[in-house]
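Just below is one structure, and these are the notes that go with it.
The values are calculated or read from the model by the stated rules, or taken from the named source; none is laboratory data. All of these numbers come straight from a predicted model, not from anything done at the bench. No Cβ is skipped: glycine too gets one built from the backbone with ideal geometry, and neighbour counts run over all protein chains shown. Only protein heavy atoms, including side chains, enter the accessible area calculation; ligands, DNA and RNA are left aside. Shrake-Rupley method; radii C 1.70, N 1.55, O 1.52, S 1.80 Å.
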Amino acid sequence: MKVPYSWLQEFIAELPPVDELAALCDGLGLASGMVHRYDGAAAGTVAVVLESVAPVPGSDHLLEARAFDGRDHHQVLTAASNARAGLITAFAAPGVLLPALGATTGTPVERREMAGLESAGVLLSPRELGVFEHAGGLIEFPVGVEPGSDLASLWPGDDVLELELTANRADAFSLLGVARDVAAKLGVPYRHPAAGLEAGNPALDDGLTIQLADTAGCPAFSLRRIDEVQVGPSPLWLQRRLASVGLRPRNNVVDVTNFVTFELGQPSHAYDATALPQGVIQVRRATAGERLQTLGGDELELDPADLVIATPHDSAPKTIGSKAIGSKAIGLAGVIGGLEGSVGPSTTGVALEAAYFDPVTVRRTAKRHGISTDAHYRFERGVDPNLARLALARASELIADLAGGRLHSGVSWQGETVARPAVRFRPSRVLYLMDFEVPPATQRSYLEALGCGVEEMDEDSWRVSPPSWRFDLAIEEDLVEEVGRLHGYEHVGETVPVMRFVPPRADPTHRGLRDEIAGLGFQEAIGYIFTSEAELTRAAAPEPRVYLADPQGVERSVLRTALYPGLLAAAVLNRPAGSLALFEVGRIFLEQEFERVALLARGSWVETGWQGEQELDFFLFKGLLERLAQRRNAQFEMRPQHAPQLHPGVAAEVFWNGRSVGFAGRLHPQVAARFELEDTYVAELALPLEPRGVRVLDIPRQPHAERDVAVVAPTEVSYRELFDLVTAAAGDLLQSLEPFDIYQGISIPQGQRSVALRLRFRHGERALRDEEVDGCMQNVIRALRDQGYDIRDR
């Protein structure tokens, strides 16, 4: 970002010297890469008016011009195509040094003879004059620049700061943004160029209509009408401002839009009103195959994801392929305008646009077409969503003033005012985090100087509302940083401060979860995030959303949409193993990027205890997930679900603390056949799997009393029914209830099973007597028999 010193002075009257200003910007985080000198017009050059221009006989490119400098007439030869009678341009007489023509010490202009004629000096291009890089024609000055005027005085040099801004400081990509920060640091007011301007009355009909078909890509759009404009060269002050930031002046309409982009940070665009049939302008997505010729002369084939500015056809709808569209694109929204509808010398009416475009949409469009512009550079980082109407008022008044236009009192507008969410802020946190003290009143003045609204809830609790242009102020620490920036990082101590706090426990890499899953017997696998479309289809995973522009091969051409296909591929490689238990923690890429954990298990499962080795089934797999939830003190639940990758009868939706997080079940037979895997169980869950708060209890001081009972009940009776029945009958002394054996066979009737239950009783203050426990057990047995269940005594 280039910041001319004299331009910044228009915002802040009393600036420190340029070197001090550069150091101040460094301290504000607006890193000053360098300060360089912009020299301005070469000394000795003057303005002249061309009284006549005629071709030189015998030459196919030379022109003979008669130039008047207010006192003398000069015969000058030139090859510039824009030389014409009445043009006010720059002239260097013999002896004037022009550094742009040769060495840095200057090359003197000499009288020259060409085609038998003498040229008494040179008519200058902008590059030869030394003001900006353009050698394709003579520099053009507006009416009002008097012949003979000293150009070194009219176009003086300036000091320019080069600021190296980080992407989060989108608000500083303008002179206004830099002025806000500098003024806040200096404790002085700044001038807002658009403050108090008439923004236009939306209730007045200005003959313009906005058709906003995509509010996600363009939440706000405004238009202002200016009639009777006269397109011509910009005044010298405007040309000088644009040249000092590296832009080439074009004309008084286009230059204003570029000027306001750098002044306020809001890009805008001017359309020739005759290019808008019935005054209608549209914002929509492009149609596949649609084409646009840009201002730069490139012809683009648009993508359906591109957001375009369009206008209805004058005649019948145009057909692209087999699809008819009722409008044509005249600009790539937020990136670049189209050649059709652009302002030219014959333009007499202008429709001026200022809008807010979605940063992601603009970035993707610019990257897709390989285009970089000042507008896209700002939109992709974030333009103030509330700035468009104010910037439109500033630009339209400048155009009306500089191009002699008549500004319509109405304005066309669609959109809503955006308010940034308030942030809770504690002034005491500045000392806590920065280790230097700033009085609360001073902190408040800093925040208000940056445009924040401050509401004091109590002594150490404020409600701070960031301004709409500060996207980077979202949490309390952001506000602490702002106070630290303005107070000065030089107050930070030279030694490490005493750490008066313990940082909160954080696990961004999910190391704790990895350890817990490994503790269940699983081994961690790490797969590629790149995969192929065929592999995802083979695993019945979601279709790919992100395709690599330059993949190394078809097998690594897309980003994965699920983790479990990678585990299936690992299971294939380990097919000889009798049993397998794998898991992976990683990211998947759908419409957004998500973190997931996936688990895969098959084969036998070795358990300690009398049951020994068990063949893995759904219930054992479910039990492993339940055990993980128990370790995190989380509520766990499964509900039947249909999933394309899972067996229709063995598939479940997983709920963690009441939130749906994924699926678990047996691999679908068709998917299993494709991978040649048998009886394989998979689960994939969304992260984080939040642990719930742990309730701390005293260690029991009294022993528990333990009793067992074996209940013979029909096989369709679930354990939950038995649990509820026994728990209700046992009373308040029951501490725990769990099954430890299930038996079907000899002595058990057909269609029934024996479920052995272990009950533990405890009193919190004393040891239980046998008769108390026996009484509880009699209640349990009575309740079971009343329900029709038998008690097995052997």
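The table below gives the values:
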quantity: Gained length - residue 587 relative to residue 416, 0.36 nm times residue gap less alpha-carbon distance; calculated: 58.0 nm
quantity: Summed residue charge, Cβ within 13 Å of residue 493's Cβ, Lys/Arg positive, Asp/Glu negative; calculated: -4
quantity: Bins of 5 Å from zero: percent of alpha-carbon pairs in segment 299-452; calculated: 1, 7, 11, 14, 14, 13, 11, 8, 6, 5, 4, 3, 1, 1, 0
quantity: Convex hull per residue volume in Å³, alpha carbons only, for segment 215-284; calculated: 119
quantity: Contact order relative to length of segment 445-512, as percent, for alpha carbon pairs under 8 angstrom and 6 or more apart; calculated: 22
quantity: Chain lengthening between residue 747 and residue 475 when straightened (0.36 nm per residue, less Cα-Cα); calculated: 91.1 nm
quantity: Cα convex hull of segment 460-531, projected area averaged across orientations, nm²; calculated: 11.0
quantity: Relative contact order [Cα under 8 Å, 6+ residues apart], the chain, whole percent; calculated: 8
quantity: Apportionment of accessible area to carbon and sulfur, segment 494-631, percent (1.4 Å); calculated: 53
quantity: Charge sum, other residues only, whose C-beta stays under 15 Å from residue 530's C-beta, Lys/Arg counted +1 and Asp/Glu -1; calculated: -2
quantity: More than 16 Å apart - percent of Cα-Cα pairs taken over segment 23-70; calculated: 68
quantity: Estimated FRET transfer efficiency (residue 368, residue 135; beta-carbon r; R0 35 Å; 0.05); calculated: 0.60
quantity: For segment 677-794: Kirkwood Rh in Å [reciprocal of mean 1/r, alpha carbons]; calculated: 16.9
quantity: The chain: radius of gyration over Cα atoms, expressed as a fraction of 2.2 N^0.38 Å; calculated: 1.38
quantity: Nearest 10 degrees, 0 to 90: helix 388-402 Cα axis against the chain principal axis; calculated: 10
quantity: Separation between Cα centres of segment 620-653 and segment 15-52, rounded to whole Å; calculated: 67
quantity: Gyration tensor over alpha-carbon atoms, segment 364-412, equivalent ellipsoid semi-axes in Å; calculated: 29, 14, 9
quantity: 22 Å tail of the calculated P(r), segment 582-692, as % of Cα pairs; calculated: 35
quantity: Rounded to the nearest 10 Å², the accessible area of residue 154 at probe 1.4 Å; calculated: 70
quantity: Ratio Rg/Rh, restricted to segment 502-606 and using Cα atoms, in which Rh is the Kirkwood radius; calculated: 1.03
quantity: Highest-first arrangement of 37-49, 422-434, 540-552, where packing means the average Cβ count within 10 Å; calculated: 37-49, 422-434, 540-552
quantity: Pairwise Lys count, the chain - Cα closer than 28 Å, eight or more residues apart or different chains; calculated: 6
quantity: C-alpha long axis of helix 564-573 to longest principal axis of the chain, angle in °; calculated: 70
quantity: GluC sites (Glu not before Pro) restricted to DSSP loop in segment 1-66 with at most 11 other C-beta within 10 Å; calculated: 14
quantity: For segment 103-238, the spread of Cα positions along each principal axis, largest first, Å; calculated: 65, 45, 29
quantity: Distance between modelled label sites at residue 280 and residue 615, nm, 7 Å Cα→Cβ extension; calculated: 7.0
quantity: Kirkwood-based Rg to Rh ratio, segment 1-111, C-alpha trace; calculated: 1.17
quantity: Acute angle (nearest 10 degrees) that the helix 18-27 long axis makes with the longest principal axis of the chain, alpha-carbon atoms; calculated: 10
quantity: Residues with amide H under 5 Å from that of residue 605, placed H, sequence gap 5 or more; calculated: 614, 615, 616
quantity: Interatomic Cα distance distribution for segment 398-557, bins of 5 angstrom, percent; calculated: 1, 6, 10, 9, 8, 8, 8, 8, 11, 12, 9, 5, 2, 1, 1, 0, 0
quantity: Calculated diffusion of segment 100-177, Stokes-Einstein form, Kirkwood radius summed over Cα pairs, 20 °C and 1.002 mPa s, µm²/s; calculated: 130
quantity: Relative contact order for segment 717-757, counting Cα pairs under 8 Å that sit 6 or more residues apart, in percent; calculated: 32
quantity: Percent of alpha-carbon pairs separated by more than 15 Å within segment 387-433; calculated: 65
quantity: Potential extension, residue 793-residue 445 segment - 0.36 nm per residue separation minus Cα distance; calculated: 117.1 nm
quantity: Within segment 654-669: backbone nitrogen closer than 18 Å to the residue 695 label point (7 Å, Cα to C-beta); calculated: 657-658
quantity: Trypsin sites (Lys or Arg not before Pro) within segment 146-216: DSSP coil, no more than 14 neighbouring Cβ in 10 Å; calculated: 191
quantity: Label point distance in nm, residue 715-residue 143, each placed 7 Å from Cα along Cα→Cβ; calculated: 10.3
quantity: Per-residue [θ]222 nm for the chain (sum of -39500 (n - 2.57) over DSSP H runs n ≥ 4, rounded to 500); calculated: -7000 deg cm²/dmol
